[in-house]
Each structure stands twice: as structure tokens, then as C-alpha cells.
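Visitor: Sharing a structure, written as C-alpha cells. Questions coming.
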Amino acid sequence: MKLVRVLLLLLGVVLLGVLVARNDPAEIFAAMGRLSWRLGILVCFPFSLVTIFDTLGWRFAFGHDRVRFGTLLGARLAGEAFNLTTPTAALGGEAVKTWLLRGHAPLDETLSSVIVAKTTILVAQGIFFTLGIALAGLSVLSDSPLLRGMLGLLLLEILALAGFVVAQTQGLFGRGQRLLQQFNLRPPGSGETLRRVDDGLASFYRRQPRRLVLSIGFHLVAWVLGSVEAYLTLHFLGVDVSLTTATVIEAFGTAVRFATFMVPASLGVLEGGYVVTFSALGLASSTGVSFGLVRRVREFVWVGAGLIVFAVMRVKPSGKDFA
């Protein structure tokens, strides 16, 4: 699987190179150059707010407030850096988050919170994607093949997410452990820990509706802030678009990331999705590539910050060790 992910990464790099080469590379880099000092704004804002709201979404995925917000923020930064840079299908970073919280919360609670947060962020993304489709239906995309494709992708997302939630409420880890045992494989964690994770997930969904809604709500705010970033990026690139158009672009981009989670950081395919979306909206395809590359610069900076945070947090914390 890791080999497949590495190959997909290489293909993504090639695809990105092809997109740049075929969409007026001189104009692409000239547009990025015109950003000048504004690039610093796009690196820091509003993504810093996105990170804060996503961390709040994770905080409310716990059954109660146990871990300090600053610790959660650091663990999230580090985990997302690993999700974007390692061939683990966006799962390696979740393991990193769990590991970094050792000594701050019991292992079963941390595992449960990571799974709930992954669920609520996907639910929020689905809501945001639905909003983007609705807005696209009121624009020039009302009878476009792209919109029909996105509607099909939304249906697949709903089915996948529904299956994920049902699996959590039906003993996801216990069933998985029994399946692995049939193949003489040993799952991570003891059977008792995995049982507590299953119980914790079922209990959270039954008994914590307020925290569940808050978690979804904070993640949804983070997705919406992505539209603000898209609007500012396009504005700084000299493209006059409405916030509605920026929301459609951002929502469709999140859907491409969802569908291509196996490709590290969705490299290449995300930029290809931007090119298709920009063209359908009557915008220059070169602008779509420039837009994607600006996002990559911001992503690169925050990945670096996350890896630094990981290096700092990897020292085992003092205090009670719950793991």
C-alpha cells in the first residue's frame, strides 16, 4: 500500500508538471509573482483561524474537556503535517495525534475523539459541499456536466459517511479485531482497550448530542473560512469574482480531495480539479493552476510548522501517563 501511495505521489507530481506546462507557465508564475507581500497574508490568514476552529471541533469530539486547547492545537498541526506528507491515506496523522496526547488522556478516549472528529469534519465537509452545489446550480454551472458529476460525488460521500457512522455504532474495532484474528494478525491495542473505544463511540453518539453538534459546527465554520481564503487569493491574483463563486471553487476542491484521499495531499489531481472548475466558470485555466500553487505554498509552510511542533511534542509529557 505504501508503494502504491508513493507511485500515486509521483504521478501527481508529473500531472502537476503537465498542468503547468500546458497552461501558460509564464503567466502562472507572473501571477504568483505579482502577489508580492500579499503571499504572506495568504499563508497566515485565514488558515490560522481554520486551524483554530478545526481544533475546537476536535475538542468537542471528546466526551468532556480533558486536554488543554494548546496541546490539542499542537497535536493537530503535527498530525495534519503527517497526513499530507506520508503515504498513509490520511490515517497516519490520526495515529500521530493519538500518540502525542499520551499522558494527557486515556488511550481509548483519545482514539474515540480522533474517530469522532474525523466523522464530524467529514459531515461538515458534506454540508459545505452541498452548499457549493446549491450555489453552483444558481450560476453558469446550472446545466453543466461538472455539476452533474459533483452531484454523483455527493451521493457517494453520503453513502460512505453513513456506512462509517453505522460501523462505529456497531462495534467497529471489536469486529475488526475478530476479523484480524481470523487471519492470525494482531491489531494494535489490547482487546479491552478496543472494547472501551467501541463503547466510547457508541456512548458519545447517544449521550453527547450537544458536543456532537458543536464539533460539526466548528468544523463547518473552518470549511466556510476556506471560501474566504479562496476569495482573497483570487482577489490578490487580480481575478474579480464574487464570494459565491469562491465558495463554489472551494467546495468543489474539498470534494476532489475527498475523492482522491489516496494521493498524498491530492497533489496534481486537486490542481486538475481547479482547472476544470475554473474553465467551467469561464475563468482562465492558468488562473486555476496559479490558485492551486498558491495554496501549495501555504500548505508547505504549515506542514513545516507542524513538523516542528511534532519535534517539540514528541518528548513524553510529564504528569500522569494514561496510555
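The values are calculated or read from the model by the stated rules, or taken from the named source; none is laboratory data. Please read all numbers here as calculations on a predicted model, not as lab measurements. Cβ placement follows ideal geometry from the backbone for every residue including glycine, while neighbour counts extend to all protein chains displayed. For accessibility, only protein heavy atoms count, side chains too; no ligands or nucleic acids. Shrake-Rupley method; radii C 1.70, N 1.55, O 1.52, S 1.80 Å.
Visitor: Just need a number here: residues in the range 44-68 that are open to solvent by less than 40 Å² (accessible area, probe 1.4 Å), aliphatic (A, V, I, L, M) and at pLDDT 95 or above.
Guide: Qualifying residue count, the range 44-68: 3.
Visitor: Take the residues in the range 102-126 that are in contact with a Phe, Trp or Tyr (Cβ under 8 Å, 6 or more places away or on another chain) and more than 18 Å from Thr55 (Cα to Cα), then tell me which one is modelled with the lowest pLDDT.
Guide: My answer is Gly103.
Visitor: Here's another thing I want to ask about it. Say we look at the range 122-145 and pick out the residues that are open to solvent by 30 Å² or more (accessible area, probe 1.4 Å) and of a type in the set (A, V, I, L, M, F, W, C); which of these is nearest to Ile216 (Cα to Cα)?
Guide: Result: Val123.
Visitor: Would you confirm whether or not the range 14-30 contains a residue that is within 25 Å of Val224 (Cα to Cα), not hydroxyl-bearing (Ser, Thr, Tyr) and not in a helix (DSSP H, G or I)?
Guide: no
Visitor: Let me ask you something else. From (1) closer than 22 Å to Phe258 by Cα; (2) surrounded by fewer than 23 Cβ atoms within 10 Å (Cβ to Cβ), pick out the condition that doesn't hold for Thr71.
Guide: Failing condition for Thr71: (1).
Visitor: Filter the range 224-264 for residues that are among the aromatic types (Phe, Trp, Tyr) and modelled with pLDDT under 95; which is nearest to Ala136 (Cα to Cα)?
Guide: Phe258
Each row is one residue, and each column tells you yes or no for (1) in contact with a strand residue (DSSP E or B) (Cβ under 9 Å, 6 or more places away or on another chain); (2) within 25 Å of Ile158 (Cα to Cα); (3) open to solvent by 30 Å² or more (accessible area, probe 1.4 Å).
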residue: Leu212; (1), (2), (3): no, yes, yes
residue: Val221; (1), (2), (3): no, yes, yes
residue: Gly226; (1), (2), (3): no, yes, no
residue: Leu237; (1), (2), (3): no, no, no
residue: Val263; (1), (2), (3): no, yes, no
residue: Gly273; (1), (2), (3): no, yes, no
residue: Val294; (1), (2), (3): no, no, no
residue: Phe300; (1), (2), (3): no, no, yes
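Visitor: Only one of (1) of a type in the set (D, E, K, R); (2) modelled with pLDDT of 90 or more; (3) outside any helix (DSSP H, G or I) fails for Glu157. Which number is that?
Guide: (3)
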